[in-house]
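Chemist: This is the structure I want to talk about, given as structure tokens.
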Amino acid sequence: MHNKIATAAELLRSGGTVAFPTETVYGLGADISIPSAVAQIFKIKQRPTDHPLIVHFSDTSQLQHWAQEIPDSAWKLAEHFWPGPLTLILRRSNRIPTSVTGGQDTVGLRIPNHPVALDLLKTLGTNTAIAAPSANRFGRISPTTAAHVHNTLGKTVDMILDGGACNIGLESTIVSFNNDTPTILRPGGIPLDALAKVLNGQIILANKNNATERTPGTHASHYAPTTPLETHPPEHIHQRALELTAQGLRTVIITRLERMSNQPTNENIVIFSMPHEPTAYGKELYAALHQFDHKEFDRLLIETPPNNTNWLTINDRLQRASLL
Ligand code: TXA
Ligand code: MG
């Protein structure tokens, strides 16, 4: 792996793109100081150029290098949760080109907690930062294995570093400091109560309906599989599957309950069991969506998870992925 990381670092230094594992999802990396490399990310992802990228680096002490006017609350979160699944939106320093921030004066910054990502970033050195959005096409499901990246981006990327399946499997929590109170723009790998504890309760969840910042919430279909997805409560999901199959549609039911096995079924329904508990479920969700997101199925039905904070991130992603 060490040789591969050296090769990846060399590719990044010469303006190439490298997909690499993080603890959340795989990122598609480019050196922020090389405009053609950053442009390549937008091209590969087919992502609008006003949609900002997250910038990754390796050492909290470098935060001032990439951001300015850093509030105490941001330092507290950085010191407590980095390396980890947390992205801080801060005023950018002049070292961050606006091509990376979608023209905005703020930048999303994160130190990932994955040995391959950290090794790569450290090899590049403290004066280098890597823009890395999730390594998927714009609006689609993030990859949690190297195979997912390979299947969707394939040869358009110069190199894919394989670090196995991502441990968390859902994207980082994004916190903005643009308002008086730190605001969660995207729930993610860090639980809400863990953030609240470090900030003595001084953190709020953004209201998706009046989002003013360019986050995934402002896009109708983010994190969506190409096969239409619906969520239904456990007591209705089976009936819905029977309705769909009566129309000739091949349907997958993604469930957390073993009792589904004694429900009526037919040859056009596939039942897939997910872990019962949210951490394990989160780790497997995107892999399950990738697995069934192809032409063999016409509809994915997912059992609505419990409506409590332990399931906040999963509910958020399922809402964005489902038919509106
Ligand atoms: O877990 C993650 O965060 C992964 C891994 C690879 O680090 N990255 C990721 O990046 O999810 P991406 O680009 O797929 O999603 C980042 C989101 C974008 O939707 C973007 O709108 C938001 O972060 N974002 C980035 N910079 C921002 C900024 N300056 N202001 C508001 N939102 C920002
Ligand atoms: Mg993404």
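The values are calculated or read from the model by the stated rules, or taken from the named source; none is laboratory data. This one's a predicted model, so the numbers in the text were calculated from it and none came from an experiment. All Cβ positions, glycine included, derive from the backbone under ideal geometry; neighbour counts span all protein chains shown. Only protein heavy atoms, including side chains, enter the accessible area calculation; ligands, DNA and RNA are left aside. Shrake-Rupley method; radii C 1.70, N 1.55, O 1.52, S 1.80 Å.
Chemist: Normalise the Debye intensity by I(0) for the chain, one equal point scatterer per Cα, no solvent, then take log10 at q = 0.15 Å⁻¹ and round to two decimals.
Modeler: -1.20
Chemist: Could you order the peptides 186-193, 173-180 from most to least packed, using the average number of other C-beta atoms within 10 Å per residue?
Modeler: Numbers: 186-193: 20.6, 173-180: 18.9.
Ranked by mean Cβ neighbours within 10 Å, highest first: 186-193, 173-180.
Chemist: Now a separate question. Could you grab the relative contact order for segment 15-79? Cα pairs under 8 Å, six or more apart, rounded to a whole percent.
Modeler: Values: 39 pairs, mean separation 12.4, N = 65.
It comes to 19 percent, rounded to a whole number.
Chemist: So, one more: Please compute the per residue accessible area over segment 1-112 with all protein chains in place, 1.4 Å probe, rounded to a whole number of Å². Walk me through the numbers on the way to the answer.
Modeler: Details: 4290 Å² over 112 residues.
On a per-residue basis, segment 1-112 sits at 38 Å².
Chemist: If you don't mind, there's one more thing I want to ask. Using θ = phi - 60° and the Karplus form 6.51 cos²θ - 1.76 cosθ + 1.60, what ³J(HN,Hα) does each residue of segment 190-204 get, whole Hz, x for Gly and Pro?
Modeler: Coupling constants for segment 190-204: 9, x, 3, 5, 5, 5, 4, 4, 5, 9, 6, x, 7, 7, 10 Hz.
Chemist: For a quick protection proxy, order the peptides 19-31, 51-63 by their average other-Cβ count within 10 Å, most packed first. Walk me through the numbers before you get to the answer.
Modeler: Numbers: 19-31: 27.8, 51-63: 19.7.
Going from most to least packed, we get 19-31, 51-63.
Chemist: Rounded to the nearest whole Å², what accessible area per residue is found for segment 118-181 with the 1.4 Å probe?
Modeler: Values: 2500 Å² over 64 residues.
Spelled out: the 1.4 Å probe surface of segment 118-181, per residue, equals 39 Å².
Chemist: Here's a follow-up. In deg cm²/dmol and to the nearest 500, what is the mean residue ellipticity at 222 nm of the chain if only DSSP H runs of at least 4 residues count, each as -39500 (n - 2.57), divided by the residue total? Walk me through the numbers before you get to the answer.
Modeler: Details: 10 runs with 100 residues, N = 324.
The per-residue figure over the chain is -9000 deg cm²/dmol.
Chemist: Another question, then. If r is the Cβ-Cβ distance from Arg91 to Phe272 and R0 is 45 Å, what FRET efficiency results, to the nearest 0.05?
Modeler: Values: r = 44 Å, r/R0 = 0.99.
Rounded to the nearest 0.05, the efficiency is 0.50.
Chemist: Of the residues Pro71, Pro305, Pro275, which exhibits the maximal mean-square fluctuation in a Gaussian network model of the chain defined by a 10 Å Cα contact cut-off?
Modeler: Maximum fluctuation in the GNM of the chain, among the listed residues, is at Pro71.
Chemist: Can you tell me how segment 78-153 classifies by the Cα gyration tensor, rounded, prolate or oblate, using a/c under 1.5 as the rounded cut?
Modeler: Values: a/c = 1.75, a/b = 1.26, b/c = 1.39.
It is oblate, given that a/c is not under 1.5 and a/b is not larger than b/c.
Chemist: Running a GNM on the chain with Cα contacts under 10 Å, which residue among Ile271, Ile168, Ile111 ends up with the highest mean-square fluctuation?
Modeler: Result for the chain, Cα springs under 10 Å: Ile271 fluctuates most.
Chemist: State the percentage of accessible surface on the chain attributable to carbon and sulfur atoms; use a 1.4 Å probe and exclude ligands, DNA and RNA.
Modeler: The value for the chain is 48 percent carbon and sulfur by accessible area.
Chemist: Considering the chain as a Gaussian network with a 10 Å cut-off on Cα pairs, which listed residue, His80, His150, His236, attains the greatest mean-square fluctuation?
Modeler: Result for the chain, Cα springs under 10 Å: His236 fluctuates most.
Chemist: Right, something else. Classify segment 96-248: rounded, prolate or oblate, from the alpha-carbon gyration tensor (a ≥ b ≥ c, eigenvalue square roots; a/c under 1.5 rounded; otherwise prolate if a/b is larger than b/c)? Walk me through the numbers before you get to the answer.
Modeler: Working: a/c = 1.87, a/b = 1.24, b/c = 1.51.
In terms of gyration-tensor shape, oblate.
Chemist: Follow-up question, since we're still on this one. Which entries in Lys43/Lys295; Lys43/Lys155; Lys4/Lys122 show an alpha-carbon gap greater than 23 Å?
Modeler: Values: Lys43/Lys295 25 Å; Lys43/Lys155 13 Å; Lys4/Lys122 14 Å.
From Lys43/Lys295; Lys43/Lys155; Lys4/Lys122, over 23 Å: Lys43/Lys295.
Chemist: What size of dipole, in debye to the nearest 20, comes out for the chain about its Cα centre when the only charges are +1 on Lys and Arg C-beta atoms and -1 on Asp and Glu C-beta atoms? Present the calculation step by step, with values, prior to reporting the outcome.
Modeler: Numbers: 27 positive and 28 negative charges, 115 e Å.
It works out to roughly 560 debye.
Chemist: A follow-up question, please. Identify all lysines with a Cα-Cα distance to Lys76 below 17 Å; exclude those on the same chain that are fewer than 8 residues away in sequence.
Modeler: Qualifying lysines at Cα under 17 Å: Lys197.
Chemist: Also: Restricting to bridges with both residues inside the chain, how much of the DSSP beta-bridge set is antiparallel, in percent to the nearest 5?
Modeler: 40
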